[in-house]
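Notes to accompany the following structure.
The values are calculated or read from the model by the stated rules, or taken from the named source; none is laboratory data. Note that this is a predicted model, so its numbers are computed, not measured. Virtual Cβ from ideal backbone geometry, glycine too; neighbours counted across all protein chains shown.
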Amino acid sequence: MSAGLAAALLTSLRPRQWTKNLLLFAGLVFSQSAAEPSSVVRACLGFLVFCLLSGAVYLFNDCVDAPQDRRHPLKRHRPIAAGRLPVATARRWAFGLGIFALAVSWLLGRGFGATATAFAALNLAYSLGLKRIVIVDVVGIAVGFVLRAVASVEVLRPVHGTVPLSPWLILCTFLLALFLGFAKRRAEYVQEASSNHAARPSLRRYGRRMLDVLVVATFVATLAAYVLYTLATGTVVQFGTYKLLFTTPFVAVGLGRYLVLVFKDDRGGRPHEILLTDPAIQVAVLGWITTVCLIIGLHR
C-alpha cells in the first residue's frame, strides 16, 4: 500500500472521533478496579476493539454517502468522496477491521462480544437508513453511547465478576448523548440554512426552534438525572457515600460551557473536537474525573 493510500485510509478511520470510546474506561472507575492490572488491560483492549469497530463503520458510512458527500462543500474533501481512497478498497478494509474487532470482542467474553455485535449492527442500520429519520437519527447515536457504557462493564466481568451499572447512570449517558446529538443537528441546520448545498436528509424535518427546544430540554434533563444518580440509594450503598453529589458543579460547568458554544458560537457540530480543544471543558472533565476518583478512593 502506498503512503498516500495509507494516509487516506487512516483519515477515513477518523481517529479524532475515537475519543467517544473513552467511555469504555467508565467501568474501571465505577467498579473501583482502576488499580487492578488485569482490569486495566481488559479495558484497554475493549477500547481498542471499539475504536476498530468505529473506524470500520466510518469507512462503510463514507462508502454509502460518497455520492452525496461529493456535493457538500466540506465533506467532498473526504478521501472516499474525493477519490483518494477507492470505494472497493474502503469496503475491504471496513469488512476486515469489523470482522477482526468482533472476533476479538467475543474472545474477551460473551457479554462483551454480544454488546460489540449489537453496537456494530446498530451503526450499520444507522448508515443504511436510521440517519434519515428525524429524532430516530439522534436516538440511534445515543443508544450507541449506552452500548459503550454497557461494554465498559461487560469487558471486566470475566475478571471482576458482576459490576453494578446503575440505571440512573445509563439514563445520564443516554441523555448526554441526546444533548450532544441535538446540538450537532442544530449546528448542521444553521450551517446548511446559510448555504446552498444539499442538507442532511433528516434535517428537512427539523426546524431551528424545534432544535433549540430539544437542546435546552436535554441539557436540563441530563443535569437533573446526574444529580438524582449521585443521590440514588444504590449509588450511596455502592460507594458508601453521598459525596458524589459534590461532582455536580463540574458536570454543570462542562454542560453549561458547551451550551454557550452551541448558542453563541454555533460550534456544536464537532463535539469531539471541542473536547480536544476547549480548555474550560477539559478542566471540567479533568476536575470531574479527579474528584470522582478521590471520593471513591477515600470510601473504599
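Would you pick out the residues in the range 64-107 that are at pLDDT below 90 and either in contact with a strand residue (DSSP E or B) (Cβ under 9 Å, 6 or more places away or on another chain) or of a type in the set (D, E, K, R) (or both)?
D65, D69, R70, R71, K75, R76, R78, R84
Give me a count of the residues in the range 125-136 that are buried (at least 18 other Cβ atoms within 10 Å of the Cβ) and at pLDDT 90 or above.
1
Looking at (1) outside any helix (DSSP H, G or I); (2) surrounded by fewer than 14 Cβ atoms within 10 Å (Cβ to Cβ), which is the only condition L10 fails?
Failing condition for L10: (1).
Tell me which residues, restricted to the range 218-273, are among the β-branched types (V, I, T) and either in contact (Cβ under 8 Å) with a residue 12 or more places away in the chain or outside the structural domain of L175 (by TED's automatic domain parsing) (or both).
T218, T222, V227, T230, T235, T241, T247, T248, V251, V253, V262
Yes or no: the range 213-220 includes at least one residue that is among the small types (G, A, S) and modelled with pLDDT under 90.
no
Assess whether C51 counts as being in contact with a helix residue (DSSP H, G or I) (Cβ under 9 Å, 6 or more places away or on another chain) and either of a type in the set (F, W, Y) or under 20 Å from P271 (Cβ atoms) (or both).
Yes, satisfied.
Return only the number of the condition from (1) in contact (Cβ under 8 Å) with a residue 24 or more places away in the chain; (2) in a helix (DSSP H, G or I); (3) within 30 Å of G297 (Cβ to Cβ) that V215 does not satisfy.
Tallying (1) in contact (Cβ under 8 Å) with a residue 24 or more places away in the chain; (2) in a helix (DSSP H, G or I); (3) within 30 Å of G297 (Cβ to Cβ), V215 fails exactly one: (3).
Which residues, taken from the range 99-113, are in a helix (DSSP H, G or I), closer than 17 Å to L24 by Cβ and of a type in the set (G, A, S)?
Scanning the range 99-113 gives A101, S105, G111, G113.
Residues in the range 30-38: is at least one touching a Gly at 6+ places or on another chain (Cβ under 8 Å), assigned to a loop (DSSP other than H, G, I, E, B), surrounded by 14 or more Cβ atoms within 10 Å (Cβ to Cβ) and of a type in the set (D, E, K, R)?
no
Can you spot a residue in the range 96-107 that is under 26 Å from R270 (Cβ atoms) and more than 22 Å from the chain's Cα centre (by Cα)?
Checking the range 96-107: not a single residue is under 26 Å from R270 (Cβ atoms) and more than 22 Å from the chain's Cα centre (by Cα).
Restrict the check to the range 111-119 and report whether at least one residue is outside the structural domain of E192 (by TED's automatic domain parsing), closer than 21 Å to V143 by Cα and more than 19 Å from the chain's Cα centre (by Cα).
Yes.
For the condition assigned to a helix (DSSP H, G or I), among the aliphatic types (A, V, I, L, M) and closer than 21 Å to F145 by Cα, what is the one hit in A224, A280?
A224
From the set of residues in the range 239-260 that are in a helix (DSSP H, G or I) and either at pLDDT below 85 or small (G, A, S) (or both), which is nearest to the chain's Cα centre (by Cα)?
Checked the range 239-260; the qualifying residue nearest to the chain's Cα centre (by Cα) is G254.
If I filter the range 265-279 for residues that are under 30 Å from A35 (Cβ atoms) and at pLDDT 90 or above, do I get at least one hit?
Within the range 265-279, not a single residue is under 30 Å from A35 (Cβ atoms) and at pLDDT 90 or above.
Could you pull out the residue among V57, V41 that is surrounded by 19 or more Cβ atoms within 10 Å (Cβ to Cβ) and either hydroxyl-bearing (S, T, Y) or modelled with pLDDT of 85 or more (or both)?
After ruling out the rest, the residue left standing is V57.
Are there any pairs with C-beta distances below 6 angstrom linking a residue in the range 132-143 that is under 10 Å from S202 (Cα atoms) to a residue that is charged (D, E, K, R) and modelled with pLDDT under 90, with the two at least 6 apart or on different chains, and if so which?
What qualifies is V134/R205; D137/K131.
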